[in-house]
Structures are given as structure tokens and as C-alpha cells.
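Undergrad: Below is a structure I'd like to ask you about.
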Amino acid sequence: MIFLRNLNRVQERINNAARRAGRLPEEIKLIAVTKTVPPETIKEALNCGVNRFGENRVQELILKYPELPPGTEWHLIGHLQTNKVKKIIGKVALIHSLDRWSLAEEISRVAIKNDIVARVLVQVNVAGENTKHGLSLLEAEDFVSSVVPLPGLEVQGLMTIAPWTENPEEVRPVFRQLRELAVRIKASKIGAHMEYLSMGMSGDFEVAVEEGANILRIGTALFGKR
Ligand SMILES: *Cc1c(COP(=O)(O)O)cnc(C)c1O
């Protein structure tokens, strides 16, 4: 059971990072990122007690969705094309990648049509990398305030992908800036729930926990190299 061994190791590292930061490990949700991972392996993870899975592509998510039991929690963590919104509304617990107005409008429209409220995180490109999606730190607050009044959609926090690095200490400021942005938005009159900070992946999740992450998106450290 390589998965179980990996899971225990990751959970122990999360627990230790939480302890260092004076936080409770239970307040941190682990999302197992299953891109390229076959459904049999996902079922094995489910048997080990993991019940939240993240996919970055809509096509892959909807192929795996019917293979797993109802009640399995799915997260869309990658870039979302506007014309694919209708395929995932009602299937995912949280969309982590709201990054533009046209997408917000489409999520709102499709959610209303399906009589649900879609929960979303606003993706922020904290480091300003041009290979990544997301709003800049400067745009994000205005964007959140324009999206909050939309019906059928509820902003629940922020998400970021830190730049790749060998030394996770280097991306600590990225995580810190996302947390500070959430604090500013919460203190403003916008009225957005800033419940979740989705940040931290296999290479940097301990630093993310120390900086306040409460959703971690971890693939490689659980399932091995893709
Ligand atoms: C693939 C992916 C992850 C997980 O990355 P690992 O380094 O394998 O842990 C997290 N977030 C997003 C958006 C991803 O696409």
C-alpha cells in the first residue's frame, strides 16, 4: 500500500507544520489531485479515507466522476473554459479557478438554471507569472467586489499556484500575500466570505500551512510522479 504510506507521511508533515504555526490540523482540508491517476487508484485512496479529489481538466473530471461512488467530493482546480461550465455545475463542490468576469457570468447563469449555488474561489496570480492564470494582486479586490452580487454563485475564498521552486522558503511571500489579501477583503465592505485559502502543493505545502492555507492540493506526494 504505497498510497497509504504516502498519505500517512503527508498527513504527518501537515500536522507538524500546523503545530509549528499554532494551528489545528483538523482545520486543513487535503485535496488529493488525481490528474492522470486511474479510477482504481482513486478508489484505493477513497478506501484509505480520502474523500476529496481535484482535477485540473474538465474532460478528465467528467470521465472519472461516474466511476466513483456518489458523495465523493470533486474540486475543479485548473483553468475553466466558459463553454465547459455546464458540464461541471452540480458535480463539483468548489471551483478554484474563477479568474475573469465572463466566467463569473457563465457560472452564475448555469447555476441559476440548475437551481443551485456554485461555490467558487478567485484565482490570484500573486507572483505575476505570465504562464499562469489568475488576477493580479492589484485587480483581485475589485474583481471580488464585482462578482459578489452575482446570483447563483458564492465566493468562498482565494486560490493561488506558487511558482515552481526547489526551495519552498522562496515562495513564502506568495502565500503570505494571498493571506493578507484575504484579510483585506474580509475587512472591507465587500461582504465576501473569505473562508478558504487554497494554496500549497507537493513541493511547498508545509510553508503554505505555516502561512494559513486551509485547502491543500497535493498530487505527486500522494500518488508519485506523473
Ligand atoms: C497538478 C496540480 C496540483 C498538484 O501538484 P503536485 O505538485 O503534484 O502536488 C495542484 N494544483 C493544481 C492547480 C494542479 O494543476
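Undergrad: Among the residues of segment 161-175, how many are open to solvent by 10 Å² or more (accessible area, probe 1.4 Å), aliphatic (A, V, I, L, M) and assigned to a helix (DSSP H, G or I)?
TA: Of the residues in that region, 1 qualify.
Undergrad: Give me a count of the residues in segment 194-226 that are closer than 14 Å to residue 27 by Cβ and in a strand (DSSP E or B).
TA: 5
Undergrad: Also: Any idea which of (1) within 15 Å of the ligand (Cβ to nearest atom); (2) modelled with pLDDT of 95 or more; (3) not in a helix (DSSP H, G or I) is the one residue 150 doesn't satisfy?
TA: (1) is the only condition that residue 150 fails.
Undergrad: So residue 62 clears everything in (1) open to solvent by less than 60 Å² (accessible area, probe 1.4 Å); (2) within 14 Å of the ligand (Cβ to nearest atom) except one condition, right? Which one?
TA: Among (1) open to solvent by less than 60 Å² (accessible area, probe 1.4 Å); (2) within 14 Å of the ligand (Cβ to nearest atom), the lone unmet condition for residue 62 is (2).
Undergrad: Taking the options 138, 158, 178, name whichever one is outside any helix (DSSP H, G or I) and either open to solvent by 30 Å² or more (accessible area, probe 1.4 Å) or among the aliphatic types (A, V, I, L, M) (or both).
TA: 158
Undergrad: Suppose we keep only residues that are open to solvent by less than 10 Å² (accessible area, probe 1.4 Å) and more than 13 Å from the ligand (Cβ to nearest atom) within segment 208-226. Which one would you say is farthest from residue 74 (Cα to Cα)?
TA: Only one residue tops the list, namely 211.
Undergrad: Under 8 Å between Cβ atoms, which residue pairs at least 6 apart in sequence (or on different chains) link something in segment 75-88 that is under 15 Å from residue 123 (Cα atoms) with a partner that is more than 11 Å from the ligand (Cβ to nearest atom) and assigned to a loop (DSSP other than H, G, I, E, B)?
TA: 75/92; 75/93; 76/92; 79/99
Undergrad: Okay, moving on. Considering segment 88-108 alone, what residues qualify as being surrounded by fewer than 18 Cβ atoms within 10 Å (Cβ to Cβ) and part of a helix (DSSP H, G or I)?
TA: Of everything in segment 88-108, those that are surrounded by fewer than 18 Cβ atoms within 10 Å (Cβ to Cβ) and part of a helix (DSSP H, G or I) turn out to be 101, 102, 105.
Undergrad: Right, next: Could you please let me know if residue 203 is within 10 Å of the ligand (Cβ to nearest atom) and either open to solvent by 50 Å² or more (accessible area, probe 1.4 Å) or on the phi > 0 side of the Ramachandran plot (or both)?
TA: Judged against the criteria, residue 203 is a match.
Undergrad: Of the residues that make up segment 186-195, is at least one at pLDDT 95 or above and within 16 Å of the ligand (Cβ to nearest atom)?
TA: Taking every residue of segment 186-195 in turn, none turns out to be at pLDDT 95 or above and within 16 Å of the ligand (Cβ to nearest atom).
Undergrad: Please list, ordered by first then second residue, the pairs with beta carbon atoms under 9 Å, 6 or more apart or interchain, first in segment 197-226 and within 19 Å of residue 38 (Cα to Cα) and modelled with pLDDT under 95, second basic (Lys, Arg) and open to solvent by 10 Å² or more (accessible area, probe 1.4 Å).
TA: 226/35
Undergrad: Would you please name the residue that is nearest to the ligand (Cβ to nearest atom), looking only at residues in segment 28-58 that are surrounded by fewer than 22 Cβ atoms within 10 Å (Cβ to Cβ) and of a type in the set (S, T, N, Q)?
TA: 56
The values are calculated or read from the model by the stated rules, or taken from the named source; none is laboratory data. Note that the structure is predicted; figures quoted are calculated from it, not measured. Because the Cβ atoms are built from the backbone with ideal geometry, glycine has one as well, and the counts that use them run over all protein chains shown. We work out accessible area using only protein heavy atoms, side chains counted, and drop any ligands, DNA or RNA first. Shrake-Rupley method; radii C 1.70, N 1.55, O 1.52, S 1.80 Å.
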